[in-house]
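K.L.:
Pasting in a structure now, in structure tokens, and then I'll have a few things to ask.
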Amino acid sequence: MKKSYIFALAVILGPAFAWAQEGRTLKGVTLPVQVAREGKVLALNGMGLRTRIVFKVYVGGLYVEKPSKDAAALIASEQNKLMELVFLRNVDGGTVAGAISEGFEKNSKEQLPALKERVEKFRKLIPDLKKGDKLSFFYEPARGLSVESNGKASGQIEGKDFADALFRCWLGGIPADKDLKKGLLGE
């Protein structure tokens, strides 16, 4: 009797469980629970909503090789990481770059002199974005940080110090959005 109950439950819940494994949805944006990048499988650590004042700006998803709820450990880890932003409204590239630069100021102020030239290069890689566009930041230890817009490479920034400073914008002590940080950490 007990075995048939478990079997019936598995038959009923199996499709729902499989569906849940395909992706997670927030504000109409669905992100897969896993992505493959450069021969590695990255898991969705978490996702959240970035709001500015009252405006919903983007849904962000953080993918890592080894999921964790520890922001400092994720930033410091020497693993492939992907931050994917899906925009919910049109946003000027300069506005996005400015907001990220603010994050550098708030979370990596001591490192800014060493990062200054790379931050300027980075700012130029951020295009104007329309509703539905994707902006991705992929860190690979051997190569540095790649910036992509809608799947097309915009450019590369070298150095783990730069990638750490960028990920601190979302996961640092003074994140761009506290609720977004909680979501990215899977809370």
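K.L.:
Please enumerate the residues belonging to the stretch 80-97 that are under 14 Å from the mean Cα position of the chain (by Cα) and farther than 19 Å from Lys178 by Cβ.
P.N.:
Passing the criteria: Asn80, Lys81, Leu82, Glu84, Val86, Phe87.
K.L.:
Also, I was wondering about something else. What number of residues within the stretch 146-185 are assigned to a strand (DSSP E or B) and either touching a His at 6+ places or on another chain (Cβ under 6 Å) or under 14 Å from Tyr63 (Cβ atoms) (or both)?
P.N.:
Final tally of qualifying residues: 2.
K.L.:
Out of the residues in the stretch 65-97 that are buried (at least 21 other Cβ atoms within 10 Å of the Cβ) and of a type in the set (Val, Ile, Thr), state the one that is farthest from Lys27 (Cα to Cα).
P.N.:
Here the residue is Val91.
K.L.:
I've got another one for you. Could you check how many residues of the stretch 143-169 are out of contact with any helix residue (DSSP H, G or I) (no Cβ under 6 Å at 6 or more places or on another chain) and buried (at least 16 other Cβ atoms within 10 Å of the Cβ)?
P.N.:
8
K.L.:
While we're on this one: Given (1) assigned to a loop (DSSP other than H, G, I, E, B); (2) over 16 Å from the mean Cα position of the chain (by Cα); (3) under 26 Å from Leu26 (Cα atoms); (4) of a type outside the set (Phe, Trp, Tyr), identify the lone condition not met by Ala142.
P.N.:
(3)
K.L.:
Here is a further query. Hey, among Gly132, Gly98, Gly151, Gly183, which residue is of a type outside the set (A, V, I, L, M), under 26 Å from Val33 (Cβ atoms) and modelled with pLDDT under 95?
P.N.:
Gly151
K.L.:
Of the residues that sit in the stretch 98-142 and are in contact (Cβ under 8 Å) with a residue 60 or more places away in the chain and of a type in the set (D, E, K, R), which one is surrounded by the most Cβ atoms within 10 Å (Cβ to Cβ)?
P.N.:
Glu140
K.L.:
Pairs under 8 Å by beta carbon, first residue under 13 Å from Glu102 (Cα atoms) and in contact (Cβ under 8 Å) with a residue 12 or more places away in the chain in the stretch 152-172, partner surrounded by 13 or more Cβ atoms within 10 Å (Cβ to Cβ) and polar (S, T, N, Q), six or more apart or different chains?
P.N.:
Ala165/Asn107; Ala165/Ser108; Ala165/Gln111; Arg168/Asn107; Arg168/Ser108; Cys169/Asn107; Gly172/Asn107; Gly172/Ser108
K.L.:
Here's another thing I want to ask about it. Within the stretch 98-135, how many residues turn out to be part of a loop (DSSP other than H, G, I, E, B), more than 16 Å from the chain's Cα centre (by Cα) and among the acidic types (Asp, Glu)?
P.N.:
Here the count works out to 1.
The values are calculated or read from the model by the stated rules, or taken from the named source; none is laboratory data. In this text, all values refer to a predicted model and were calculated from it rather than measured experimentally. Virtual Cβ from ideal backbone geometry, glycine too; neighbours counted across all protein chains shown.
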